[in-house]
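Undergrad: Below is a structure I'd like to ask you about.
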Amino acid sequence: MKLVCGKVTIEDVDEFVSIVDKIEKGTGATIQAFDARYIVNQKHIKRAIECADRARRRNNNIARDRSIEMLLYAAGRRQITEALEIGVSSGLNRIVVAIDGGNEIEAAKSIESNTLDTPADEVLGSYDPDLVQPYFDITANEIDVVNGDTESLVLERVALLAVER
């Protein structure tokens, strides 16, 4: 797994997705872009990929496409339309792009040169608790129990998607 982080202004989401699709096809990598405000840390993405791959191995996947399955697990949602909230949108975005499999190095270079306005490593881990907590249905009581460790609660939500039916 390789992560590319940065800032990008997206005028047309479909065009952005088309560029990412071309990079995927050209490199054999699976690529998914996320709104960095919802991604708590690198473990969040890693856990989502692990869970998505496990579901696919067990023929228990939700989506046909691996990148969408990664998105669903990262979002802790079974509905694609709900999971898309943590994806990219029109306007200025701080993004984290997960690249897994295929030629990850070439895919990362292509993502950086073809999509990002500014590479920025500090984007990862600068999530917005005011977005994350309600999105993942994290209560104040839960935050108190884990001494403010929002990250662990998000990782739990990612893993629990597999048992929700």
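Each reported figure results from applying straightforward, stated rules to the coordinates on display, with no laboratory input. On a predicted model such as this, the values are computed, not experimentally measured, just so you know. Don't worry about glycine lacking a Cβ; one is built from the backbone with ideal geometry, like all the others, and counts go over all protein chains shown.
Undergrad: Could you check region 106-129 and list, in sequence order, the residues that are under 14 Å from GLY26 (Cβ atoms) and surrounded by fewer than 15 Cβ atoms within 10 Å (Cβ to Cβ)?
TA: LYS109, SER113, ASN114
Undergrad: Out of everything in region 84-109 that is out of contact with any Gly (no Cβ under 7 Å at 6 or more places or on another chain) and of a type in the set (S, T, N, Q), what residue ends up being nearest to GLU11 (Cα to Cα)?
TA: Ranking the candidates gives SER90 first.
Undergrad: Quick check on ILE31: is it under 22 Å from ASP121 (Cα atoms), of a type outside the set (Lys, Arg) and touching an Asp or Glu at 6+ places or on another chain (Cβ under 9 Å)?
TA: Yes; evaluated as a whole, the condition is true for this residue.
Undergrad: Turning to a different aspect of this structure: Return the pairs, sorted by first residue and then second, in which the second residue is part of a helix (DSSP H, G or I) and β-branched (Val, Ile, Thr), the first residue lies in region 140-165 and is at positive phi, the beta carbons are less than 8 Å apart, and the residues are 6+ apart or on different chains.
TA: As it stands, the answer is none, since no pair meets every condition given.
Undergrad: Which numbered condition in (1) surrounded by 16 or more Cβ atoms within 10 Å (Cβ to Cβ); (2) farther than 23 Å from GLU15 by Cβ; (3) in contact with a helix residue (DSSP H, G or I) (Cβ under 8 Å, 6 or more places away or on another chain) is the only one that SER67 fails?
TA: The number of the failed condition is (2).
Undergrad: Let me ask another. Do you know which residues across region 28-52 are farther than 20 Å from PRO129 by Cα, out of contact with any strand residue (DSSP E or B) (no Cβ under 7 Å at 6 or more places or on another chain) and of a type in the set (Gly, Ala, Ser)?
TA: Once the filter is applied, which keeps residues that are farther than 20 Å from PRO129 by Cα, out of contact with any strand residue (DSSP E or B) (no Cβ under 7 Å at 6 or more places or on another chain) and of a type in the set (Gly, Ala, Ser), region 28-52 yields GLY28, ALA52.
Undergrad: Looking at region 72-104 only, could you name the residues that are closer than 23 Å to LYS2 by Cβ and among the β-branched types (Val, Ile, Thr)?
TA: ILE86, VAL88, ILE95, VAL96, VAL97, ILE99, listed by residue number.
Undergrad: Mind checking which pairs have a first residue in region 35-50 that is over 14 Å from ASP121 (Cα atoms) and touching a residue at least 40 places away in the same chain (Cβ under 8 Å) and a second that is part of a helix (DSSP H, G or I) and among the hydroxyl-bearing types (Ser, Thr, Tyr), Cβ under 7 Å, 6 or more apart or different chains?
TA: Once the first residue is over 14 Å from ASP121 (Cα atoms) and touching a residue at least 40 places away in the same chain (Cβ under 8 Å) and sits in region 35-50, its partners that are part of a helix (DSSP H, G or I) and among the hydroxyl-bearing types (Ser, Thr, Tyr) give TYR38/TYR135; ALA48/TYR73.
Undergrad: Is one or more of the residues making up region 130-142 charged (D, E, K, R) and exposed (fewer than 14 other Cβ atoms within 10 Å of the Cβ)?
TA: yes
Undergrad: With under 27 Å from GLN133 (Cα atoms), surrounded by fewer than 19 Cβ atoms within 10 Å (Cβ to Cβ) and out of contact with any strand residue (DSSP E or B) (no Cβ under 8 Å at 6 or more places or on another chain) as the only criterion, which of ALA75, ALA55 stands out?
TA: Just a single option satisfies the conditions, and that option is ALA55.
Undergrad: On the basis of being within 13 Å of VAL158 (Cβ to Cβ) and more than 15 Å from the chain's Cα centre (by Cα), does ARG54 make the cut?
TA: When the stated conditions are applied, ARG54 passes them.
Undergrad: Which residues, taken from region 1-19, are surrounded by fewer than 23 Cβ atoms within 10 Å (Cβ to Cβ) and of a type in the set (Val, Ile, Thr)?
TA: VAL8, THR9, ILE10, VAL13, VAL17, ILE19
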